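Engineer: Once you've had a glance at the structure underneath, I'll fire off some questions.
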Amino acid sequence: MKLLIVDDEELTRTGVISSIDWQSIGIREVLQADDGINGIEVARVHRPDIVLCDVRMPRLDGIAMLEQLEEILPDIVPVFMSGYSDKEYLKAAIRLKAVSYIEKPLNPSEVSQAVREAADLYIQKRHSRRGKVLKSMETASRLALLLTLPALPDIQTARRLFGELGFTVN
């Protein structure tokens, strides 16, 4: 898995990177960005699975960055960190389904645990999405077979399959 750390404080980024055994958590690549705008660019290119980001940053804050990243990478799992325990930030973190909201100064074991939970959640999201895709492919295959058989198709079954695929048929 890939982790993107977005924080405007270089010391925070390097401290987090050097204080955790990423391989033991299943993180094979750790990426960095110094603000939300650069975070979006790094995410577009490298497609991280987990984002560990500061809430307050210049140019684009962590909340706005994650809102944009959810459109690009819908399975991304956010973990927020902040020196502020502002109620509005906490609400935004909940709305964005963040795994955790870690307060600064950061405790490496707390960061490690949050990233481990985020990795587990990412795997669950990926399996769920894969299952939905497989179900849709199976339904589409059944419908195609039904419509290409030489005998007249079973209209009720065809309508049900069209419905499962999200199509309306008259």
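Engineer: Subtracting the Cα-Cα distance from 0.36 nm times the residue separation, let me have the gained length for ARG56 to GLU88 in nm, one decimal.
Structural biologist: 10.3 nm
Engineer: Roughly what % of DSSP beta bridges within the stretch 1-157 run antiparallel, to the nearest 5?
Structural biologist: The antiparallel proportion sits near 0 percent.
Engineer: Want the number for HIS46 to GLU10: 0.36 nm per residue separation, take away the alpha-carbon distance, what's left?
Structural biologist: Length gained between HIS46 and GLU10: 11.0 nm.
Engineer: Right, something else. What is the set of long-range amide H partners of GLN32 at a cut-off below 5 Å, with H atoms built 1.01 Å from backbone N?
Structural biologist: Amide H neighbours of GLN32: ILE5.
Engineer: What are the radius of gyration and Dmax of the chain, computed over its Cα atoms and given in Å?
Structural biologist: For the chain, the Cα-based Rg and Dmax read 21.1, 70 Å.
Engineer: Once you have the Cα-Cα distance between ARG160 and SER109, take 0.36 nm times their residue separation minus that, and quote the gain in nm to one decimal.
Structural biologist: 13.3 nm
Engineer: Is there a quick way to get the dipole size of the stretch 5-57? I mean about its Cα centre, with the Cβ of Lys and Arg at +1 and of Asp and Glu at -1; what is the value in debye to the nearest 20?
Structural biologist: Rounded to the nearest 20 debye, it is 240 debye.
Engineer: Take the chain, connect every pair of alpha-carbon atoms lying under 10 Å apart with a spring to form a Gaussian network, then pick out the residue of VAL55, VAL133, VAL30 with the largest mean-square fluctuation.
Structural biologist: VAL133
Engineer: Sticking with this structure for a sec: Given an 8 Å cut-off on Cα distances and at least 6 residues of separation, report the relative contact order of the chain as a percent.
Structural biologist: Relative contact order of the chain: 18 percent.
Engineer: Of all the accessible heavy-atom surface of the chain, with the other protein chains kept in place and a 1.4 Å probe, what percent is carbon and sulfur?
Structural biologist: Summing carbon and sulfur atoms, their accessible area is 54 percent of the total for the chain.
Engineer: Using a Gaussian network model of the chain whose springs link C-alpha atoms within less than 10 Å, name the residue from LEU11, LEU52, LEU66 with the highest mean-square fluctuation.
Structural biologist: Among LEU11, LEU52, LEU66, the largest GNM mean-square fluctuation belongs to LEU11.
Engineer: Using a 10 angstrom Cβ neighbour count of at most 16 plus a DSSP loop assignment to flag exposed trypsin sites (Lys or Arg not before Pro), which longest range of the chain is free of such sites?
Structural biologist: The reported range is 98-170.
Engineer: Size of the dipole of the chain about the Cα centre, Lys and Arg at +1 and Asp and Glu at -1 on the beta carbon, nothing else charged, in debye to 20?
Structural biologist: 1000 debye
Engineer: Let me ask you something else. For the stretch 1-103, which chymotrypsin sites (Phe, Trp or Tyr not before Pro) are both in a DSSP coil and crowded by at most 15 other Cβ atoms within 10 Å?
Structural biologist: TYR84
Engineer: Over the chain, with the other protein chains present, what is the accessible area per residue in square angstrom, probe 1.4 angstrom?
Structural biologist: I get 57 Å² per residue for this part.
Engineer: While we're here: Which residues' amide hydrogens lie under 5 Å from the amide hydrogen of ILE102, considering only partners 5 or more residues apart or on another chain, with H built in the peptide plane?
Structural biologist: The list, which skips near neighbours in sequence, is PHE80, MET81, SER82.
The values are calculated or read from the model by the stated rules, or taken from the named source; none is laboratory data. If you're wondering where the values come from, they're calculated on a predicted model, not measured in any experiment. Methodologically, a virtual Cβ is constructed for each residue, glycine included, from the backbone with ideal geometry; neighbour enumeration extends over all protein chains shown. Only protein heavy atoms, including side chains, enter the accessible area calculation; ligands, DNA and RNA are left aside. Shrake-Rupley method; radii C 1.70, N 1.55, O 1.52, S 1.80 Å.
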